[in-house]
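The values are calculated or read from the model by the stated rules, or taken from the named source; none is laboratory data. Remember, predicted model here, so these are calculated numbers, not experimental data. Here the Cβ positions follow ideal geometry from the backbone for every residue, glycine too, while neighbour counts run over all protein chains shown.
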Amino acid sequence: MKLSLMLSPRALMVSCVAAAWLANAGGTAAADSVLKNRSIGYVLTDEYWAVYQTAEGKDECPQGLIKMGPREQFRELFPEDGTKRTVVETQLMREGQIWHPSPDYKEQFPYPEAGGKYSYGVNLDGTVGPNDFTSPDGEKGIKNQLYRALGCNEHFRGPDGVQFALTNKMVRIVPYNRLLIELTNVDDLGNDPDVNVSIERGLDTLLTDGTGDLIIPGGTQRVDTRFGKKYTQRLHGKIVDGVLMTDQTDIRIMHTQNDNPSEEVYRRGTFRLKVSAEGAQGILAGYNDIDSLYYGMNRNLGTYFQAYGRLTSQSLYKKMRELADGFPDPKTGKNTAISSAMTMMFKQVFIERPGKDKNKEATAH
Amino acid sequence: MRHRGEKYKWFVGSAAAIAVSLVLSNCAQPASKTAAVSKDAAAPSSRAALVEPDGGAPKHLRILTSEQYLNTLAYVFGDDIRLQTDFAPLPRADGLLASGAALAGFTGGQIEQYYRTGTAAAGLAMDARRREFLINCKPADARAADRACATKFLGVVGRILYRGRLTDALLTDSVNKASEAADRLKDFYAGLSSALEGMLASPAVLFVAETSEPDPAQPGRERLDAYSVASRLSLLLWNSVPDDALLRAGESGELMTDKGRAAAVDRMLASPRLEAGVRAFFDDMLGFDQFATLAKDSIIYQSFSAVTAQDAREQTLRTIVDQLLVKKRDYRDLYTTRETFLSPALGAIYGVKASGWTPYTSPKDSPRAGLLTQVSFLALHSHAGRSSPTLRGKALRELLMCQPVPPPPANVDFSALENPDPNIKTQRARLEIHRTNPVCAGCHKITDPIGLALEHFDGAGQYRETERGAPIDASGSLDNQQFADAAELGASLRNMPALTSCLVKRVYGYATGGPTAPVDQAVLAYFDNVFARQGYRLPDLLRSIALSKSFVTVRDVPAPSRTASLSAP
């Protein structure tokens, strides 16, 4: 199994700095010294939808990026031509469409899909079909239909897309978004056929360097148990050539932006993370329930923010319904979920559980 | 505004008078010790007398440090009045800023700084949220002056602020100012605030002027008077001004009896406020004021941030309080103990989990043992981007053994160090340049062999096995004692007589409010012996010094000398 490492400009800079640090550090952070009791913990530091990007979308969006956002559509729908219209007929009608979306919504504006050969993601069902992508590493059968729906929208593209930038910012500054994963039963971070992975919620702020901007490994995170067992998940997986691959199962992630919590459920989800002593990075892939995904997006960033990225929610909803490729409704037969991949980056942390001895470490320097 | 302007002029005039007195007072200070390194700085305790010799210290005029001033505000008005202010740095004398406080000058800029701080504190204290419980009376009319209420409040507060020396004239003057301002501003509390500002910026509050009286037990000699003794005790043990009980002990004369002083000292040693006093002393002795300007290259030392620096200082102070006050351990064990505390930022340096401040004991095979291997010592005495065996060795000699190391010659050629041969991997190899250059070797041989033992820790205090790929040799020696690594260095230091005699010297200087002098040698040797017999317990040493004759006896100052050095030892 191959994994492409998706690096944003910031991630590239972070990696370069980390490399420089390691070169200077004289071997301060060897992998073995971080594996304590055959375990290692990580905390989420970056999170954004995995969008395969070429310059200006030349390969994946040859027709150009989406130009008709909420403001542009509103101007077209309701031109200032002297016609008298009420708020109910205009703004509230549009907001109503956002909050009560319908698969039967008639899209009047062009909403180009991302295409091309490549995308990040995982072959979630082991098949290779005509709608699948190939990963940049050459793996075929990549399922990521969500990428088609949002790949040509500036809102989701890095480094300046509002969703891209704000999601990351909120992951870093809001402890509610603190996601921990811990690998246990690890013999070798390079290859291990049998490892356990737990997903927890964390409590603490992230440890940074002197600039306050760069998150560094070695911090401590206390496990936050206040949200119940639903968010303490136990997975099983393996490590192959330094890449953690978890068995597919439903994975729940909580997230908030602007104090509006939402839950993302990756059905038949799986992590594909390149793991090391300093951190982990890769993707969380699975089938996202479209309705919960959509409500979460709108709760986190309303029309005001979406307008900057020319994202019209009802257009995106319509597109996601069209591209849905998993979990058909037993009654209608229509798919309710869409294959997706979220880029995630983690930094190594020590994880402290309530009631455990705080001072049991044996190999400190 | 006119009112404030007048007060400011009055303040400047008073401060100038005090400053002149200060200069004259310090003209009489003895010359500092020479800068030569001397192993005799650690006088063997066996030479010391078993009975306290005649001793004493000069009367000092010293300025309150920032922390003492803020502690005073917190004591009088409550812990929530914590202002973020740093007064002008004090000169370091005889290894201590506290001793430099007796040599400090006073500028117009500083006056303004004190005045601003006093104004802010007075404003907060008279804030509508606090006045209900801070002011011990209610005015008949909140929109007018009330002399009775103002007298009641200012009398209580002023007594503490003036450390017992609030005369009727001073109180009347403050009440007059409060009344005048209240009538003008039609606000009793604004008037009170105005008078309080004046008190808080008064030279009599900012300067501790020690005064004396004839000593009935030693005819012909002087001893400190009761208020001066009270101030010395509270600044030594609490880093603050005397509380009401101590002032009462002074006023009743009890403090001037052996029994009364013992009772007062024992009460102060048992108080939780002792921690503030001990923290302040070690913060001063260990040169932690340098943390204010400590910075590391964030590319080289990613794990080191401003939070790390702050926590490193706190870690050492917590360790000291825990070992010396809570567990009442031998002072020397500070240099070998594996017990400490970690914060999340320090956990990243140590490579262990730490949520909040967490007690931590390093394992027996860990290279970390004692204060020398804590981040505060390692990072503070390193360069921004690399470790420095020289700075570490120098710090150990000067701060912990009271052995001054001379500065480098003015004409020293640093080029070989600044632009080293890239094939040289380790600090040990780089410093070979010093050891082969006779101009440098004299001093470097007394610093580098010590500092090289700490080379397993980089400039941020992180452990490392290698330096630029080359294995690190951490062996070294301290005054003919050989060791293989940092832990053994700590063990060697623990057994050095200079370690304990240095602490005695620093505590004595700190307690008596000024630099020690050669004439103090006999007294210091006596306290060395006492300290040893006490099992090197700090609270016992503090008690012995606070109850000694030397603590209260005024020593005549020899002929004026202007050669006193203000530089670091």
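Assorted remarks:
- Candidate set: the range B:362-385, residues that are of a type in the set (Ser, Thr, Tyr) and within 11 Å of chain A (Cβ to nearest Cβ); chosen: the one surrounded by the fewest Cβ atoms within 10 Å (Cβ to Cβ): B:366
- Checked against the criteria, residue B:340 counts as in a strand (DSSP E or B) and either more than 11 Å from chain A (Cβ to nearest Cβ) or crowded, with 24+ Cβ neighbours inside 10 Å (or both).
- Count - residues of the range A:108-159 that are at positive phi and in contact (Cβ under 8 Å) with a residue 24 or more places away in the chain: 3
- Some residue of the range A:8-21 being modelled with pLDDT of 85 or more and either farther than 15 Å from residue A:161 by Cα or not in a strand (DSSP E or B) (or both): no
- The range A:240-264, residues that are at positive phi and either in contact with a helix residue (DSSP H, G or I) (Cβ under 6 Å, 6 or more places away or on another chain) or surrounded by 15 or more Cβ atoms within 10 Å (Cβ to Cβ) (or both): A:242
- Here residue B:241 clears all of (1) assigned by TED's automatic domain parsing to the domain that holds residue B:70; (2) part of a loop (DSSP other than H, G, I, E, B) except the condition numbered (1).
- Selection within the range B:158-175 - in a loop (DSSP other than H, G, I, E, B) and either in contact with a Phe, Trp or Tyr (Cβ under 7 Å, 6 or more places away or on another chain) or touching a residue at least 60 places away in the same chain (Cβ under 8 Å) (or both): B:163, B:164, B:165
- Number of residues in the range A:323-333 that are in contact with a helix residue (DSSP H, G or I) (Cβ under 8 Å, 6 or more places away or on another chain) and surrounded by fewer than 23 Cβ atoms within 10 Å (Cβ to Cβ): the value is 2.
- For the range B:443-475, the set of residues classified as away from chain A (no Cβ under 11 Å) and under 31 Å from the mean Cα position of the chain (by Cα) consists of B:443, B:444, B:445, B:446, B:447, B:448, B:449, B:450, B:451, B:452, B:453, B:454, listed by residue number.
- One residue alone among A:84, A:58, A:2, A:36 is surrounded by fewer than 20 Cβ atoms within 10 Å (Cβ to Cβ), within 11 Å of chain B (Cβ to nearest Cβ) and either out of contact with any Leu (no Cβ under 8 Å at 6 or more places or on another chain) or modelled with pLDDT of 95 or more (or both), and that residue is A:36.
- One residue from B:148, B:178 being within 18 Å of residue B:120 (Cα to Cα) and either in contact with a helix residue (DSSP H, G or I) (Cβ under 8 Å, 6 or more places away or on another chain) or part of a helix (DSSP H, G or I) (or both): B:178
- Test: residue in the range B:386-393 that is more than 10 Å from chain A (Cβ to nearest Cβ), out of contact with any Phe, Trp or Tyr (no Cβ under 6 Å at 6 or more places or on another chain) and of a type in the set (Lys, Arg): yes
- Top-ranked residue in the range B:344-361 [being assigned to a loop (DSSP other than H, G, I, E, B) and surrounded by fewer than 24 Cβ atoms within 10 Å (Cβ to Cβ); ranked as farthest from the other protein chains (Cβ to nearest Cβ)]: B:357
- Of everything listed in (1) more than 14 Å from chain A (Cβ to nearest Cβ); (2) at pLDDT 95 or above, the single unmet condition for residue B:481 is (2).
- Enumerated helices (runs of 4 or more DSSP H) restricted to the range B:246-324, each holding at least 2 residues that are within 14 Å of chain A (Cβ to nearest Cβ) and within 30 Å of residue A:217 (Cβ to Cβ): B:306-320
- With respect to the conditions (1) in contact with a helix residue (DSSP H, G or I) (Cβ under 9 Å, 6 or more places away or on another chain); (2) surrounded by 15 or more Cβ atoms within 10 Å (Cβ to Cβ), residue B:429 falls short on a single one, namely (1).
- For the range A:155-181, the tally of residues that are surrounded by fewer than 21 Cβ atoms within 10 Å (Cβ to Cβ) and of a type in the set (D, E, K, R) stands at 3.
- Among the numbered conditions (1) at positive phi; (2) buried (at least 17 other Cβ atoms within 10 Å of the Cβ), the only one that residue A:267 does not meet is (1).
- Scanning the range A:185-207 for residues that are touching a residue at least 60 places away in the same chain (Cβ under 8 Å) and surrounded by 15 or more Cβ atoms within 10 Å (Cβ to Cβ) returns A:186, A:189, A:197, A:200, A:202, A:206, A:207.
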